1. Checking residue 230 against (1) part of a loop (DSSP other than H, G, I, E, B); (2) modelled with pLDDT of 75 or more; (3) open to solvent by less than 20 Å² (accessible area, probe 1.4 Å); (4) hydrophobic (A, V, I, L, M, F, W, C), which single condition isn't satisfied?
2. Is one or more of the residues making up region 51-67 open to solvent by 30 Å² or more (accessible area, probe 1.4 Å), at pLDDT 65 or above and touching a strand residue (DSSP E or B) at 6+ places or on another chain (Cβ under 8 Å)?
3. Which residue out of 208, 193 is surrounded by fewer than 16 Cβ atoms within 10 Å (Cβ to Cβ), modelled with pLDDT of 75 or more and assigned to a loop (DSSP other than H, G, I, E, B)?
4. Restricting to region 368-388, what's the tally of residues that are in contact with a Leu (Cβ under 8 Å, 6 or more places away or on another chain), open to solvent by 10 Å² or more (accessible area, probe 1.4 Å) and not acidic (Asp, Glu)?
5. Have a look at 296, 328, 282 and point out the one that is open to solvent by less than 40 Å² (accessible area, probe 1.4 Å), out of contact with any Lys or Arg (no Cβ under 8 Å at 6 or more places or on another chain) and closer than 28 Å to residue 383 by Cβ.
6. Among the residues of region 294-308, is there at least one that is assigned to a loop (DSSP other than H, G, I, E, B), touching a residue at least 24 places away in the same chain (Cβ under 8 Å) and in contact with a strand residue (DSSP E or B) (Cβ under 9 Å, 6 or more places away or on another chain)?
7. In region 309-325, how many residues are in contact with a strand residue (DSSP E or B) (Cβ under 7 Å, 6 or more places away or on another chain) and outside any loop (DSSP other than H, G, I, E, B)?
Amino acid sequence: MSVASSLHWGPPSLAQNLPYTAVLEIMRKARDNDYDEYSAGGRFVRWDTNESVAPYVPICKAWEPAATLVLYQSLSILDADCADSFLATVAEKPELAGMVRKLVVGLGDDVEEMDDGNGQAADSIKLIQVIAACPNLTHLQIRPLHASARSVLLPVVRSKSLVALVCAPRLPRSESSWDQMLYSANFDLLLPTITSLELDIPLFPQTTFSPRIRHLAPLPLTRLAVHAELRPECVWDLLEAAGSNLKHVYLYFEHLLPIKETAEALAKAATSVQTLEFLSNPTVDQLEDFDPDVEPTFNRILPLFTNLRFLAVSTTDISHNLFRLLPPCLKTLRLHGYSTRGLVGLGVEMLNALADPAVDIHLEELSVFDTAEAWGGQQGIALFERACAARGVRLSFLEDPVDSEESE
């Protein structure tokens, strides 16, 4: 007599008698969740995929429905073989595709690089078929696919009711051209349902963008992250279209943005944004055009931010007058010194502001990422630390030993 058949002789086990809701909770706890290191998503919206639940599906017949539901709620499919397996499974059991809410698709990090990219192009179509097969997707991360698949991808994505879209690079980032042009700056992937959009797109200088769309429809975006060399006009369009819906914004560029227009676009979201990272890390050549006498971006708009609690900003976008402009709601400030051009004496001016009793200081934490020389060396940092402590501000200084201009 087999062990499997003998299991039916005795009374049902406790495991078999557990209610569905209890088993469902057990399966959710069984996921390999490391809440500090999510396996999917981006900067603002992160999640884990649930492949670790797969071994629990065949353990007990009574557990199978709950384990299957948790398994299929969040998947990552990163090569053609996995795509084929998934498509074959849901062809037999279409209800499984309906369970998928969160999905990561992309060509795996170990995909062999080929000059023409034909293999990647064919695999990309299979991965798009996976997206198409899932009618109830809410979260999608693309990492990315071959550019030739763009015309197939766009109508598939537009057919979904996504709330979060993450357009991310491969890891490691590719030096080939085939994975560079899937996305476009005309925002064809935007949907009226998306509340979180993240664009982390590696681009090369020869990349060209579509013309600006000047009439971008209003967007319900509450979270926007851009780490890409988009045209400034495209960034302005996104900020203005989202407007007062935005609560969390991350913008990183390796070029200077026009000050007046950028300030005007940011002002559209000033009353709602709670966390803002605006980091400009321009090249040496671009810094030749930097005029420290022109009023910087954040001098023009900082007082408008009535709900801002966290701000990270590069020192090229602020002035010596920063402490006198901070809104009372701001509690945490991070300064990134990618370049000291035009900002010699910044620390001295801030010391003067800290010592001025007429300046209200509501800040609780200040972090500085810069060279020690830009702040008067270790002696200057110590003076600044004492001045901050006297005003109840915690200062942390993370020294960058390499001057950003010398490293270019």
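1. Failed condition: (2).
2. yes
3. Just one listed residue meets the conditions, 193.
4. So the answer is 6.
5. Sole residue among the options that is open to solvent by less than 40 Å² (accessible area, probe 1.4 Å), out of contact with any Lys or Arg (no Cβ under 8 Å at 6 or more places or on another chain) and closer than 28 Å to residue 383 by Cβ: 296.
6. yes
7. 8
The values are calculated or read from the model by the stated rules, or taken from the named source; none is laboratory data. Because the structure is predicted, anything quoted here is derived from the model rather than measured. A quick note on method: Cβ atoms are made from the backbone with ideal geometry, for glycine too, and the neighbour counts reach across all protein chains shown. To get the accessible areas, we keep the full protein, side chains included, count just its heavy atoms, and leave off ligands, DNA and RNA. Shrake-Rupley method; radii C 1.70, N 1.55, O 1.52, S 1.80 Å.
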